[in-house]
1. Per DSSP H run of at least 4 residues, take -39500 (n - 2.57); add these up for the chain, divide by its residues and hand me the 222 nm value, nearest 500 deg cm²/dmol.
2. Report P(r) for region 75-142: all Cα-Cα distances, bin width 10 Å, range 0 to the bin holding the largest distance, values in whole percent.
3. Amide H to amide H under 5 Å from T136: which residues, 5+ apart in sequence or cross-chain, H placed 1.01 Å off N in plane?
4. Direction-averaged shadow area of the convex hull around the Cα atoms of the chain, nm²?
5. Determine, from the Cβ-Cβ distance of F92 and V22 and an R0 of 35 Å, the FRET efficiency 1/(1 + (r/R0)^6), rounded to the nearest 0.05.
6. Around A118, which amide H atoms from residues at least 5 apart in sequence, or from another chain, sit under 5 Å from its own amide H, with H modelled in the peptide plane?
7. Report the gain in length on full extension from E67 to K40: 0.36 nm times residue separation, minus Cα-Cα distance, nm rounded to one decimal.
8. Using θ = phi - 60° and the Karplus form 6.51 cos²θ - 1.76 cosθ + 1.60, what ³J(HN,Hα) does each residue of region 35-47 get, whole Hz, x for Gly and Pro?
Amino acid sequence: MSMGSTAKVNKSQAIEDVERIVIARKEQANYVVGRREWMKYRELGVSKGSNGRIRAQVTSASKALSEPTGWHTHLCEGQFVYMLTGWIDLEFAGNRVERLEAGDSVYIPGNTPHNEIATSDSFELVEISVPADMGTKPCAPP
């Protein structure tokens, strides 16, 4: 391959990469259906931009969790959560309970049993998962 054809390939790839850049504007929020009916899920465009390899969304709630979600796992490689406002209590195996507050984060490997047991009256968080299409499966307490 000559140097000229390499430049053409690189330019072509650069154009494809630029076309996959996705800007998510708060004023034009794209809300999607999520796992919990009382929460709002704002899709940030990462699923489209990454061809389904990654999902990123802002999850918010204006009322507290009324009862634990129940033990479950997510069918994914991993889930990352960063708390923007409020707090959430998560329960893991071995009676481990962790409170995440604004500024805290957690990485939960895929297929790890956990239970959301309480939240503040309102909260907002960023959630990233790999892959974008993350399933949820109820499970027995560990």
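FYI, it's all coordinate maths here, none of it is from the lab. Treat the numbers as computed from the prediction; the structure is a model and nothing was measured. Cβ coordinates were reconstructed from backbone atoms using ideal geometry, including for glycine residues, and neighbour counts include every protein chain displayed.
1. Value at 222 nm, helices only, nearest 500: -4500 deg cm²/dmol.
2. 21, 50, 29, 0
3. L75
4. Projected over every direction and averaged, the Cα hull of the chain covers 10.9 nm².
5. After rounding, the FRET efficiency stands at 0.60.
6. Those lying under 5 Å, H to H, from A118 are D89.
7. Answer, rounded to one decimal: 7.9 nm.
8. So the J values, rounded to whole Hz, are 6, 10, 5, 8, 10, 9, 10, 9, 5, 9, x, 5, 4.
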